Amino acid sequence: MVSLKRMAAVAAVSLVGLSACAGTDSGSSAVPGAATSGGNDLLAGAPVAAATDILPGSTMEKIKKRGELIVGGSLDAPLLSQQNPVTGEIEGFDADMGKALAKYIIGEPKVKIVNAASETREALLSNGTVDVVLQTYTITPERAEQVAFAGPYYSSGLTIAVKKGATGITKPEDLNGKTVIAGANTPAIPAIKKLAPQAEIVTFGSDPECMQALKQDRGVAYVQDETLLIANAQKDPSIQIIGSPFTSDPYGIGLKHGDEQFKKFVNDWLVKIQGDGLWQKTWKNSLGTVVQGEAPTPPQIGSVPGS
Amino acid sequence: MSAFLDHLPEFWEGLIVTLQLIAASFAGAVVVGFVITAMRVSPVGVLRGIGTAYVETFQNLPLLVLLVLAVFGLPEIGIKASLLVTAVVVIALYEAAYIAEALRSGVNSIAVGQGEAARALGLTFGQSLRHVVLPQALRTVIQPMGNIFIALTMNTALAGAVGVVDLTAAANRVNLMEAQPIPIFVGAGLAYALIAACVGLVTGRLERRLVMVR
């Protein structure tokens, strides 16, 4: 019954969506003709840049001419950027930000998501395969030497998850001497090395694999971004989250290194959507569905070293 | 290049794990490969069937699928080993199928008369395989075995995807901090190329020394 209702809802939203702005789909839809759910209401009110802001010869003009924003992102990050198996649409906070940025530049939320692995993001940006990277891309000074960061557009932090009933871990330092699971190529690895140098780290490629490894006792704890862990804990009651985040990970929008013009353009857009409430609505529509309470205060643009 | 040189200790540890993976899984693959080859050329129909099924199964499944299945699937039925051991066993079983096929082609290249002569001398199947057929067969397949060894070397990189911190995984971790994929992965790539070049050199030497002029 639930799935029937859901399908009806999706269909209804699809009709509204189709009439509102046809062709929002990135072209990767598994169901031909199926449009987005939820995201479209959000994007209907999203701002579009003034023609004078699209400077001649700029990256923005190139994207506008192409008619599509190429985003380096993920398809397997729940609530952030995940492909919906029913509609084929990519949903989540990062995904919606990408669509809103596309609408700001092109006038339509047309994006193509290139599934970027975290080890290739810098290369994809520098060789121009993608225009922007929206993929929980933490701003660090080292990375800022390779890419330009607009933002931060969201601030998150690492948290520890353990199997329900596990004892002896209340803070990151307690991980010393224990086997800890972390996602390959996540900031969790340097963070664990710093706070618990004697911890042994095992890494797996994706979040579901890390979760499986935790449940199969390949490690006593799993260190990951809080938002992901909250989503996991909601789906899977056999794990629990310890305390509140112990790091601060400011996420930035990765741009080609040195493209100051485009960086300013994207930063101006971020300020605009923070001010008009679109940022908050986007959060409510994605992360806000599992995190209690009102949308947090968006981070100050340019407030982190490297941004 | 400094991003690579600053993290030599991490790369070194990764390289050691990679070499362990290569040595252990190649040794295992050779042993299993010999057994499977013996089964495939044996006079017993059931054994031939098992040998064929083994080769077909392992050649037709991607190694990554096997690794993920072994690491995450086996604990579900109560079989759990360390990640390194699991990776070695899976890579060995997988590559054994290729080694068995190479060996079998070597066996097929031996003239039927050799086997018949061995039998005429009163050797059993095992003895004729051990003393007459396989020593000759091995000499004809040194180059293909070398190629399989090189492929195995490259395939060990997949162990990084299931938690083993090998050279590839170490490179990934360093890149996470340094964000300089090009020097880091070029460095790791050179290490792999060096291993492969050594294997090529050894097999080339061996082949020249052992080749049979027919």
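The values are calculated or read from the model by the stated rules, or taken from the named source; none is laboratory data. All values reported here derive from a predicted model rather than from experimental measurement. Note: ideal-geometry Cβ built from the backbone for every residue, glycine included; neighbour counts use all protein chains shown. The accessibility values were calculated without ligands, DNA or RNA, using every heavy atom of the protein model including side chains. Shrake-Rupley method; radii C 1.70, N 1.55, O 1.52, S 1.80 Å.
Assorted remarks:
- Whole-Hz couplings from phi, Karplus 6.51/-1.76/1.60, listed for segment B:50-57; x for Gly and Pro: 4, x, 5, 4, 4, 4, 4, 5
- A probe of 1.4 angstrom, applied to the heavy atoms of all protein chains, finds A:Lys110 with accessible area near 70 square angstrom.
- Rounded FRET efficiency, nearest 0.05, which uses the C-beta distance separating B:Leu201 from B:Leu61 and R0 of 35 Å: 0.65
- For segment A:182-196, heavy-atom accessible area (probe 1.4 Å) falls by no less than 20 Å² from the chain alone to the full protein assembly at A:Asn185, A:Ile189, A:Pro190, A:Lys193.
- Contour excess over end-to-end distance, with Cα ends at B:Gln20 and B:Ala53 and 0.36 nm allotted per residue: 9.0 nm
- Calculated accessible area for segment B:66-175 comes out at 41 Å² per residue, all protein chains present (probe 1.4 Å; ligands, DNA, RNA ignored).
- Simple spin-label estimate for A:Asn115 and B:Leu74 in nanometres, 7 Å along Cα-Cβ: 2.6 nm
- Accessible area of A:Val202 (1.4 Å probe, protein heavy atoms only, ligands and nucleic acids ignored): about 10 Å².
- Rounded if a/c under 1.5, otherwise prolate or oblate - the protein assembly as shown, Cα gyration tensor axes: prolate
- Rounded tilt (10° steps) of A:226-235 against the dominant C-alpha axis of chain A: 80 degrees
- Result for chain B in a Gaussian network model with C-alpha springs under 10 Å: among B:Ala159, B:Ala53, B:Ala100, the largest mean-square fluctuation is at B:Ala53.
- Inter-label distance, nm, simple model (7 Å from Cα along the C-beta direction), A:Val86/B:Ala27: 5.5 nm
- For B:Ser2, A:Ser286, the ranking by accessible surface with the largest value first comes to B:Ser2, A:Ser286, using a 1.4 Å probe.
- Shielded residues, segment A:119-145 - accessible-area loss of 20 Å² or more between chain alone and all protein chains, probe 1.4 Å: A:Glu119, A:Glu122, A:Ala123, A:Glu142, A:Arg143
- For A:Thr167, the solvent-accessible surface computed with a 1.4 Å probe is close to 120 Å², ligands and nucleic acids excluded.
- When A and B come together, around 2100 square angstrom of accessible surface is lost from both chains combined, probe 1.4 Å.
- Fluctuation leader among A:Ile105, A:Ile54, A:Ile139 - chain A, Gaussian network, Cα springs under 10 angstrom: A:Ile54
- Alpha-carbon Rg with Dmax, taken over segment B:141-214, Å: 16.1, 57
- For segment B:12-118, relative contact order (Cα pairs under 8 Å, six or more residues apart, normalised by length) works out to 42 percent.
- Given A:Lys171/A:Lys193; A:Lys65/A:Lys284; A:Lys235/A:Lys256; A:Lys163/A:Lys281; A:Lys110/A:Lys256, the pairs whose alpha carbons are separated by over 26 Å: A:Lys65/A:Lys284; A:Lys235/A:Lys256; A:Lys163/A:Lys281
- Whether chain B is rounded, prolate or oblate, judged on the alpha carbon gyration tensor where a/c under 1.5 counts as rounded: oblate
- Cβ-derived FRET efficiency at R0 22 Å, A:Ala123 paired with B:Trp12, nearest 0.05: 0.35
- Carbon-plus-sulfur accessible fraction, segment B:1-143 (probe radius 1.4 Å, protein heavy atoms only): 69%.
- Under a Gaussian network description of chain A, with springs only between Cα atoms under 10 Å, the residue in A:Gly92, A:Gly293, A:Gly128 that fluctuates furthest is A:Gly293.
- Protein accessible area in chain A, 1.4 Å probe - carbon and sulfur %: 56 percent
- Each Lys or Arg adds one and each Asp or Glu takes one away; over the other residues whose Cβ falls under 15 Å from the Cβ of B:Thr203, this sums to +3.
- For segment A:125-271, the solvent-accessible area works out to 37 Å² per residue, with a probe of 1.4 Å and every protein chain left in place.
- On Cα atoms only, tilt of B:181-210 relative to the major axis of chain B in degrees: 20 degrees
- Model label points for A:Ala295 and B:Ser42, set 7 angstrom from Cα along the Cα-to-Cβ axis, are 7.0 nm apart.
- Separation of alpha-carbon centers, segment A:49-96 and segment A:228-299, rounded to whole Å: 16 Å
- ³J(HN,Hα) computed for each position of segment B:2-8 - Karplus, 6.51 cos²θ - 1.76 cosθ + 1.60, integer Hz, glycine/proline x: 5, 4, 7, 5, 5, 10, 3
- Where B:Cys198, A:Cys210 fall by accessible area, highest first, once all protein chains stay in place (1.4 Å): B:Cys198, A:Cys210
- When A:Met60, B:Met154 are compared by accessible surface with a 1.4 Å probe, the order from highest to lowest is B:Met154, A:Met60.
- Shape class for chain A, computed from the alpha carbon gyration tensor (a ≥ b ≥ c): oblate, with a/c not under 1.5 and a/b at or below b/c.
- The 3J(HN,Hα) values that the Karplus relation (6.51, -1.76, 1.60; θ = phi - 60°) gives for segment A:279-285 are, in residue order, 4, 5, 5, 4, 5, 4, 6 Hz. Gly and Pro appear as x.
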